[in-house]
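Undergrad: Got a structure here, written out as structure tokens. Questions coming.
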Amino acid sequence: CGLDFRKQWLGEEAAKIKAKQGLFFEQQLILASQMGKVPVLHVVRAHAEALAFLRNPPPRGYLLHSFHAELETSRRHLDRGAYLSISGSLLRPHAERLEESIRFAPLERLLIESDSPDQSPNPASAGWNEPTTILLVAERIAELKNSTVSQVWAKVRENFLALYRNEFLEEETLS
């Protein structure tokens, strides 16, 4: 579910579209809670609104897809049980706000994603974001957390399994 308040998606009827997005967002959160699922949230330029809907967060938490926001926003989401999924945007120049959020967030609440073909580490380039970007994201997280890449990957795996063990994976495939 998601809230995406980028101007190109809103157009001239911004208030009406925001309200409709909010209605669907709220209903999807309710459905996820009722079904015992962990929702994956797409939130762009709408964290304050998302946090308002998350006053009563889903019992198993939620995952923020391709998270990139400042420290106070990450703190408020983490306080509500969020996991932050970090993509290639961490590798962009001027990613200081996201770096600060990652330094603050416990490794136990981080995941890594490519968001391929979007979220290129270099948005000025004409190239696509490759899935292998996750390797560079893991290296950068390890640097920011004063950890090793192996420790980051081990924790990311644990975090994923904590969220979705029963959702997608059979027990025999986990060893």
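The values are calculated or read from the model by the stated rules, or taken from the named source; none is laboratory data. The structure displayed is predicted, hence computed values, not measured ones. Quick reminder, even Gly has a Cβ in these numbers, built from the backbone with ideal geometry, and neighbours come from all protein chains shown. The accessibility values were calculated without ligands, DNA or RNA, using every heavy atom of the protein model including side chains. Shrake-Rupley method; radii C 1.70, N 1.55, O 1.52, S 1.80 Å.
Undergrad: Pick from GLY36, GLY88: which is exposed (fewer than 13 other Cβ atoms within 10 Å of the Cβ), touching a residue at least 12 places away in the same chain (Cβ under 8 Å) and in contact with a Pro (Cβ under 8 Å, 6 or more places away or on another chain)? Give the steps one after another, and end with the answer.
TA: Working: GLY88 fails: exposed (fewer than 13 other Cβ atoms within 10 Å of the Cβ).
Only one candidate passes the filter, namely GLY36.
Undergrad: Oh, and also: For the stretch 3-22, does any single residue satisfy the condition of being assigned to a loop (DSSP other than H, G, I, E, B), under 26 Å from ALA95 (Cβ atoms), within 18 Å of the chain's Cα centre (by Cα) and among the aromatic types (Phe, Trp, Tyr)? Reasoning before the result, please.
TA: Within the stretch 3-22, the first condition is being assigned to a loop (DSSP other than H, G, I, E, B), and the residues that meet it are 5-6.
From what is left, the residues that are under 26 Å from ALA95 (Cβ atoms) are 5-6.
Still in the running and within 18 Å of the chain's Cα centre (by Cα): 5-6.
Subset that is among the aromatic types (Phe, Trp, Tyr): 5.
Looking for residues that are assigned to a loop (DSSP other than H, G, I, E, B), under 26 Å from ALA95 (Cβ atoms), within 18 Å of the chain's Cα centre (by Cα) and among the aromatic types (Phe, Trp, Tyr), one finds at least one in the stretch 3-22, hence yes.
Undergrad: Only one of these conditions is not met by LEU111: (1) open to solvent by less than 30 Å² (accessible area, probe 1.4 Å); (2) out of contact with any Gly (no Cβ under 8 Å at 6 or more places or on another chain); (3) part of a helix (DSSP H, G or I). Which number is it?
TA: Among (1) open to solvent by less than 30 Å² (accessible area, probe 1.4 Å); (2) out of contact with any Gly (no Cβ under 8 Å at 6 or more places or on another chain); (3) part of a helix (DSSP H, G or I), LEU111 violates only (3).
Undergrad: Being open to solvent by 10 Å² or more (accessible area, probe 1.4 Å) and of a type in the set (A, V, I, L, M, F, W, C) narrows it down to one residue among LEU78, LEU64; which is it?
TA: It is LEU78.
Undergrad: Collect the residues in the stretch 125-175 that are modelled with pLDDT under 95, part of a helix (DSSP H, G or I) and small (Gly, Ala, Ser), keeping them in residue-number order.
TA: Passing the criteria: only ALA162.
Each row is one residue, and each column tells you yes or no for (1) charged (D, E, K, R); (2) in a helix (DSSP H, G or I); (3) closer than 21 Å to ALA138 by Cα; (4) more than 12 Å from the chain's Cα centre (by Cα).
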site	(1), (2), (3), (4)
GLU26	yes, yes, no, yes
ALA50	no, yes, no, yes
ARG55	yes, no, no, yes
PRO58	no, no, no, yes
PHE67	no, no, yes, no
ARG76	yes, yes, no, yes
